[in-house]
Amino acid sequence: MNIDSKILLDCAISAAKEAGSHALRNHSRRTETLKVFEHDVKLKLDVECQAIATRIIQSAFPEHAILGEEDAPVSDKIAPTLDNYQWIIDPIDGTVNFSNGLTNWCCSIAVRFNDTLASGVVYIPVSDELFTAANDLPAQRNGSDIHVSNTCKLAESIVLTGLDKNDGTALPPFEIFRTISLHTRKTRIMGSAAADMCQVACGRAEGYYESGIYIWDVAAAGLIINRAGGKSEIITKGANNRLSFLATNGKIHDSLRSLIPFAKP
Ligand code: LIP
């Protein structure tokens, strides 16, 4: 990898903080909608925040590729660039929460070199929490090192998850939810995958699993969990950047994994 991961990390921090702060400052505009789907919304602020992050990244690294949720191509190939760096942006992860005035949402930005994640940032504007990591730097929250919890028993664990809109190709998400709930202390659906995974990284929960999630929701936080001493893993890859994804404190990984069906998301 040619570029120092700290330089990439600093750029990701600027981009995530600028984009997240723009969303927070413009909270009164949170219902300005571009599209409404059955289970989702696309906001004007999603697009504005991605443009802010993109501008910051491209002014530092004009030749790098950008994969952003708001204009993602229908392909999961890395766009060819001079040096194979790709930035992965989710400008507002937890869009429906944000749009409804719920507080759990964040901005997530990762950069990878070929298939290796170099740096990742998740910024949660409402609590002003900045989670960061690089492949050769520790995971941190607001500049202090963080670690996953030491809980070893699934029965004593909190697992955060989401219920994807099952299109019939994946195994029924309610069944998976029920199975996980029966084996853990608590299961929670909080509505922002990247923010959820940061809770695992800093020891507030033990695991995260979702059967139909996208690369931009989990790229940065997956690296943050790994660098905090946990483990993250793509269980299966579907089309269009869609994944089934598991991330834990490492100690409950195998037990939680054994409950998860291996079907395409
Ligand atoms: C959302 C996730 C949420 C998940 C949804 C969705 P968005 O991301 O973070 O936890 O359950 O399926 O992908 O669309 O708000 O960026």
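Pick from the range 80-98 the residues that are surrounded by fewer than 24 Cβ atoms within 10 Å (Cβ to Cβ) and more than 14 Å from the ligand (Cβ to nearest atom): which of them is nearest to H39 (Cα to Cα)?
If we take residues in the range 80-98 being surrounded by fewer than 24 Cβ atoms within 10 Å (Cβ to Cβ) and more than 14 Å from the ligand (Cβ to nearest atom), then Q86 is nearest to H39 (Cα to Cα).
Each row is one residue, and each column tells you yes or no for (1) modelled with pLDDT of 95 or more; (2) not in a loop (DSSP other than H, G, I, E, B).
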{"residue": "T54", "(1), (2)": "yes, yes"}
{"residue": "S59", "(1), (2)": "yes, yes"}
{"residue": "E70", "(1), (2)": "no, yes"}
{"residue": "V74", "(1), (2)": "no, no"}
{"residue": "A79", "(1), (2)": "no, no"}
{"residue": "I92", "(1), (2)": "yes, yes"}
{"residue": "N97", "(1), (2)": "yes, yes"}
{"residue": "L102", "(1), (2)": "yes, no"}
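Among the residues in the range 104-115, are any within 16 Å of the ligand (Cβ to nearest atom), modelled with pLDDT of 95 or more, touching a helix residue (DSSP H, G or I) at 6+ places or on another chain (Cβ under 9 Å) and polar (S, T, N, Q)?
Initially, the range 104-115 is screened for residues within 16 Å of the ligand (Cβ to nearest atom), giving 104-110.
Next, from what is left, pick out any that are modelled with pLDDT of 95 or more: 104-110.
Then drop every residue that is not touching a helix residue (DSSP H, G or I) at 6+ places or on another chain (Cβ under 9 Å), which leaves 104-110.
Narrowing the set further to residues that are polar (S, T, N, Q) leaves 104, 108.
Within the range 104-115 (the criterion being within 16 Å of the ligand (Cβ to nearest atom), modelled with pLDDT of 95 or more, touching a helix residue (DSSP H, G or I) at 6+ places or on another chain (Cβ under 9 Å) and polar (S, T, N, Q)), the answer is yes, since at least one residue qualifies.
Considering only the range 99-111, how many residues are of a type outside the set (V, I, T) and either farther than 29 Å from H64 by Cα or surrounded by fewer than 24 Cβ atoms within 10 Å (Cβ to Cβ) (or both)? Working first, answer last.
We begin by selecting, within the range 99-111, every residue of a type outside the set (V, I, T); these are 99-102, 104-108, 110.
Those left that are additionally either farther than 29 Å from H64 by Cα or surrounded by fewer than 24 Cβ atoms within 10 Å (Cβ to Cβ) (or both): 99-102, 104.
Summing the residues that are of a type outside the set (V, I, T) and either farther than 29 Å from H64 by Cα or surrounded by fewer than 24 Cβ atoms within 10 Å (Cβ to Cβ) (or both) in the range 99-111 gives 5.
Do any helices (runs of 4 or more DSSP H) lying entirely in the range 173-235 carry at least 3 residues that are within 12 Å of the chain's Cα centre (by Cα), and which ones are they?
Numbers: elements: 173-183, 193-201, 215-227.
The helices (runs of 4 or more DSSP H) meeting that bar are 193-201, 215-227.
Would you check if R188 is surrounded by fewer than 20 Cβ atoms within 10 Å (Cβ to Cβ) and in contact with a strand residue (DSSP E or B) (Cβ under 8 Å, 6 or more places away or on another chain)? I'd like the intermediate steps shown before the answer.
Values: surrounded by fewer than 20 Cβ atoms within 10 Å (Cβ to Cβ): yes; in contact with a strand residue (DSSP E or B) (Cβ under 8 Å, 6 or more places away or on another chain): yes.
When the stated conditions are applied, R188 passes them.
Could you check the range 1-52 and list, in sequence order, the residues that are farther than 30 Å from D136 by Cα, of a type in the set (S, T, N, Q) and part of a helix (DSSP H, G or I)?
Across the range 1-52, the qualifying residue is only S28.
State all residues of the range 191-222 that are closer than 16 Å to A134 by Cα and surrounded by fewer than 24 Cβ atoms within 10 Å (Cβ to Cβ); if no residue qualifies, say none.
C202
The values are calculated or read from the model by the stated rules, or taken from the named source; none is laboratory data. This is a predicted model, so every value here is computed, not measured. Every residue, glycine as well, gets a Cβ built from its backbone with ideal geometry; the counts of neighbours run over all protein chains shown.
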